[in-house]
Amino acid sequence: MRVRPEKDVIVCGGGTAGAIAAIAAARTGASTLLIDQAGTVGGMAGAGMSFLGVSDASGRRALGGIGAEL
């Protein structure tokens, strides 16, 4: 019988939001599992689309935190 360890947080979906959620949970010290059907994480950010430099209508940087790290 396979024994699987328990996790504090399970994130289903490895798109940009799922990756950010899993990173945030892990940084709090939670045992985290990220599951994605495609086998890749990060969505468009992981596919090479850069969010750095994305600005709002006033020219202010509109993205920060973990999203900017991706």
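Just so you know, all these numbers are worked out from the coordinates, no wet-lab data involved. Keep in mind the model is a prediction, meaning the values are calculated, not measured. Cβ placement follows ideal geometry from the backbone for every residue including glycine, while neighbour counts extend to all protein chains displayed.
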Using r as the Cβ-Cβ distance of Ala68 and Ala38, and R0 as 22 Å, what FRET efficiency do you calculate, to the nearest 0.05?
-> 0.45
Hey, can you rank 12-23, 56-67 by average C-beta count inside 10 Å, highest first?
-> 12-23, 56-67
List every residue whose amide H lies under 5 Å from the amide H of Leu34, counting only residues 5 or more places away in sequence or on a different chain, with H placed 1.01 Å from N in the peptide plane.
-> Val11
